[in-house]
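One structure below.
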Protein chains: 2
Amino acid sequence: MVKQRICLIGAGSAVFWLTWIRDLCVMKSAPGSTLALVDVNKERLDAVYGLASRYAHELKIDIKFEKTDDRREALRNADYVVNTAFPGSHDYTEKMRAIGEEHGYYRGIDSVEFNFVSDYYTLLGYKQYQLALDIASDMEELCPEATLLQLANPVFEVTTLLHRERSKVKAIGFCDEYIGVYPLLMIAGLVPSDVNFQVAGVNHCIWLTKLQNKATGENLYPAIDKWIQSDAQELWKNHDLGLWSETISPASVDMYKIYGLYPIGDTARSFTWKYHYNLETAKRWFGPLGGTDSEIGLQVRLDRFQANAERLKRLANDPTAKLTDHIATKKGKDEFSDYIDAVTLGEEKRLVLNIPNNSYLAQLSNDLSVELPMVVSKDGKLHPEKIDPFPKRLLNFVLMPRVLRANWGLEAFASGSREMLVEILIRDPRTNSEKQARDVIEAILSMPENQDMARHYR
Amino acid sequence: MVKQRICLIGAGSAVFWLTWIRDLCVMKSAPGSTLALVDVNKERLDAVYGLASRYAHELKIDIKFEKTDDRREALRNADYVVNTAFPGSHDYTEKMRAIGEEHGYYRGIDSVEFNFVSDYYTLLGYKQYQLALDIASDMEELCPEATLLQLANPVFEVTTLLHRERSKVKAIGFCDEYIGVYPLLMIAGLVPSDVNFQVAGVNHCIWLTKLQNKATGENLYPAIDKWIQSDAQELWKNHDLGLWSETISPASVDMYKIYGLYPIGDTARSFTWKYHYNLETAKRWFGPLGGTDSEIGLQVRLDRFQANAERLKRLANDPTAKLTDHIATKKGKDEFSDYIDAVTLGEEKRLVLNIPNNSYLAQLSNDLSVELPMVVSKDGKLHPEKIDPFPKRLLNFVLMPRVLRANWGLEAFASGSREMLVEILIRDPRTNSEKQARDVIEAILSMPENQDMARHYR
């Protein structure tokens, strides 16, 4: 039994879904672990601590739980630090979105080309950037050998920032978006266990770089082409696409036709205005909800969060309830616990991770974090797969603009320059005057919740 | 006396200004040369041939003139090929601009971030791209040792294209924009002969990478800072900025303050919407004409072209007129003739040229053409100066987006894909729907003048 110490930052977010804590409890290497739950919101922390302890107890898994609002206390001697914190939560981001809309920025200033993902803030990512840096600084001092597992968005920007600014800390980004490939395989008539697939790119902008028959090596892209030609229209006519269905949406097929590789997962949520000009357009490309980030789709999500939170609250307040009747007892698709299992137990595993580029994607700069599959070997080392170069068209029209957006947000953050926030908006198609850009930045930085950000961006 | 053969493609454009032909006549290595004038417009060609012959005769310079509409005939055994051709001229580009405006694209679809220069077509540059490739193909066959001197815009895109597609031909791009540095030196109280300055970047997006006292090596940027703090406001209040005054405009000063290096020449014409949203904005940043490309500025230019053309026509039709009374007899600031002199006469010269990047600007890809100063040594070799890395902010917010725009136009051209023209417009802030983008592309490709382009983009 391994006595590992895992520190979960932002544990309170588990009041919306207990999945990450569930995975840390049911993963193979959990028995004997200490799980230190950290959150600044005491009420949420208490609720999550209670739920987590009861859940593990019911399953008779020997995990020691701690709870604290003192991150540094929890970090001392940690082996793994899992960052799921999303300061301010959706209340905060929705408030910023509303101010954006008041100033003529449909869906808020951070909903823009190559990033329409509702909770993925690159321009206004200050709290996420600063928190990640602070955690990493603390880790350098208190647990320099630990690995930081970054789950909170924006994964691309945060892991890139850590790579640039706190390179002594081993940081890995995790995102489950790539599992969008599975519905695609299914509708294309492919059996996941029979195929080798490879996805690569940067977080939320990944592409199916390989799809082969596992036994013969045969290229299986033609199965996708066949689906598009024969059954796709019927699927879209007869089945309403729900949340997180972007991979099998008309938008993804359109992107594939133009750019030559199939976009996977959230990639269609991180593309151009073509698919997002307005709700009507979004419905045409993503189905009746208009996708996961539209006025409708996002509200459905937020309602689900709320319903989940209420359900978990009821369970927390009812000591007689059996949690395992309500919460799955099997691990989900998130891979951060697989990574911990692999390293802790010395089990070789293939995972899709966000790590510092080291010419793995040779067309992208090495000061970026990239997302690609790799094998975690028994000694815990990462062995990234060889990725063929992207088509030039995809590189120039998609990946490079996406990288620029990240660099803009990170440059503004690094320099603490309010003027650079304005310059980012000057490059936004919804900006019609310099004044409009300045006004919206001032309004957002004047929010009581943003006093820290206002001090940072001078 | 050197018997060099120089082929001038698009010689007919000299009916608007005789400067390029004047320079080819008065340069030191001119005597003994053959100057083959090529144009498909017979009327213009005849007029230019007559003017050029008379001009050289008056100055008693021994140049042999030829005229032809057969480019291949003229190219045979050429030593230098000077491409000044601008197919369709301004009538053509103004027609495309008007169609753009009808579809909601203020100043036309090619007037956009990082390129508001009126006759610098990257998206619709088809005729320039194809012509340059055709010339280079002919050169490979008919004068493989010759150098192609590209003067016609878009210099960045065309020289990059030649570098990628016809690398056997030695092609160099020339642009006189960098001489915008001289008015800046003067208003900053500096004597040009006392300073060393260095500019670098890509064509129409160049920056003052060094400004030093020639004798002491002292950094002279503070002289610019002093001008900005003390006299700039007064200059702008008391002196109306005219055409091609962008370097000393409020826009350039603003760009310098934000990006850390001073933009030179046309760089402010190749920047963001901040300075170009509308005429009122442009006037604020560039003076009462609104800069060289505004509704007013461009009309002033076109009127000047016309007046010049009429003046030259009168001179052409009046065999008694003494041309040297009307046309300067000294070389201008354009450097293509300096280059010819340097190579032909083995005279070492420092010139600002556009050449294939070879890690000279290490932050930019080597498949691009870059603009920087270099010494042409006695043996004709080019010795580019060492350039310090650009500030990251300038790289990410300016140079990389500018490079992307070039790559977009060139990718659409290389693939002949109409869809990619639409995709470029999808990335344009003035596009509010996919239909708008498709409609304007269809309208422009339906112009009788664009049958060749319509066949190319399928």
ask   = How many Å² of accessible area per residue for segment A:106-223, probe 1.4 Å?
value = 30 Å²
About the Cα centre, charge dipole magnitude for chain B (Lys/Arg +1, Asp/Glu -1 at Cβ), debye = 480 debye
Shape of segment A:268-418, Cα gyration tensor, a/c cut at 1.5 = oblate
ask   = What FRET efficiency do you get for A:Glu442 and B:Glu73 if R0 is 41 Å and r is their Cβ-Cβ distance, rounded to the nearest 0.05?
value = 0.05
query = What is the antiparallel percent of DSSP beta bridges lying wholly in chain B, to the nearest 5?
reply = 55 percent
remark   = For the rotation taking chain B to chain A, the chain B residue with the nearest C-beta to the axis, plus the distance in whole Å, reads B:Pro429, 2
note = Summed over the other residues with a beta carbon less than 13 angstrom from that of B:Asp225, with K and R at +1 and D and E at -1, the charge totals +1
task = Could you pull out every one of the lysines with an alpha carbon less than 24 Å from that of A:Lys237, ignoring same-chain neighbours closer than 8 positions?
result = A:Lys226, A:Lys257, A:Lys274, A:Lys283, B:Lys435
note = Placing each pseudo-label 7 Å from Cα in the direction of the beta carbon, A:Asn317 and A:Asn358 end up separated by a distance in nanometres of 5.2 nm
query = Treating the beta-carbon of each Lys and Arg as +1 and of each Asp and Glu as -1, no other charges, what is the dipole magnitude of segment B:415-458 about its Cα centre, to the nearest 20 debye?
reply = 80 debye
request  = Could you work out how far apart the two model spin labels at B:Glu348 and A:Ala215 are, taking each label as a point 7 Å from the Cα in the direction of the beta carbon, and quote it in nm?
outcome  = 7.3 nm
key: FRET efficiency estimate (nearest 0.05) - Cβ-Cβ, A:Glu66 to A:Asn308, R0 35 angstrom   = 0.90
request  = Mind pulling up the Rg/Rh value for chain B? Radius of gyration and Kirkwood radius, both on Cα.
outcome  = 0.95
note = If each K or R counts +1 and each D or E counts -1, the residues other than A:Gly260 whose Cβ falls under 10 Å of its Cβ total +3
query = When the chain is fully extended, how far beyond the present Cα-Cα distance does B:Glu140 get from B:Asp46, taking 0.36 nm per residue of separation?
reply = 31.0 nm
remark   = SASA check, A:His163, accessible area w/ 1.4 Å probe, all protein chains in place, rounded to nearest 10 Å², comes out at 50 Å²
request  = Using a 1.4 Å probe and ignoring any ligands, DNA or RNA, find the accessible area of A:Lys67 and quote it in Å² to the nearest 10.
outcome  = 90 Å²
query = When the helix-only estimate is applied to chain B (DSSP H runs of n ≥ 4, each -39,500 (n - 2.57), divided by the residue count), what is the mean residue ellipticity at 222 nm, nearest 500 deg cm²/dmol?
reply = -12500 deg cm²/dmol
inquiry  = What does the copy distance list look like for B:Asp325, label position 7 Å along Cα→Cβ, in nm and ordered from shortest?
reply    = 11.1
inquiry  = What does the copy distance list look like for A:Ala307, label position 7 Å along Cα→Cβ, in nm and ordered from shortest?
reply    = 7.4
request  = Give the nm distances, rounded to one decimal, from A:Glu165 to the matching residue in every other copy, measuring between label points 7 Å along Cα toward the beta carbon; shortest first.
outcome  = 4.4
remark   = For segment B:325-422, whose charge dipole is built from +1 on Lys and Arg Cβ atoms and -1 on Asp and Glu Cβ atoms, the candidate among B:Leu399, B:Gly380, B:Thr329 with its Cα farthest towards the positive end is B:Leu399
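Order B:434-442, B:355-363 from most to least packed using the mean count of other Cβ atoms within 10 Å.
Per-residue mean Cβ counts within 10 Å order the peptides as B:434-442, B:355-363.
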inquiry  = I need the shape label for segment B:1-160. Rule: rounded when a/c is under 1.5, else prolate if a/b > b/c, else oblate, with a, b, c from the alpha carbon gyration tensor.
reply    = prolate
key: Charge tally in the Cβ shell below 12 Å around B:Ser33, where Lys, Arg are +1 and Asp, Glu are -1, B:Ser33 excluded   = 0
request  = May I ask you to give the percent of accessible area on the protein assembly as shown that is carbon plus sulfur, with a probe radius of 1.4 Å?
outcome  = 50 percent
message = Using a 1.4 Å probe on the protein heavy atoms only, what accessible surface does A:Arg22 show? Give it in Å² to the nearest 10.
response = 30 Å²
task = Please state, as a whole number in µm²/s, the translational diffusion coefficient that the Stokes-Einstein equation yields for the protein assembly as shown at 25 °C and 0.890 mPa s, with Rh defined as the Kirkwood radius across alpha carbon pairs.
result = 80 µm²/s
query = Per the Debye formula with a single identical scatterer at each Cα and no solvent contribution, what log10 I(q)/I(0) holds for segment B:387-458 at q = 0.12, 0.16, 0.21 Å⁻¹?
reply = -0.42, -0.65, -0.91
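The values are calculated or read from the model by the stated rules, or taken from the named source; none is laboratory data. Quantities reported herein were computed from a predicted structural model and do not represent experimental measurements. With ideal geometry, Cβ positions are generated from the backbone for all residues, glycine too; neighbour counts draw on all protein chains shown. For accessibility, only protein heavy atoms count, side chains too; no ligands or nucleic acids. Shrake-Rupley method; radii C 1.70, N 1.55, O 1.52, S 1.80 Å.
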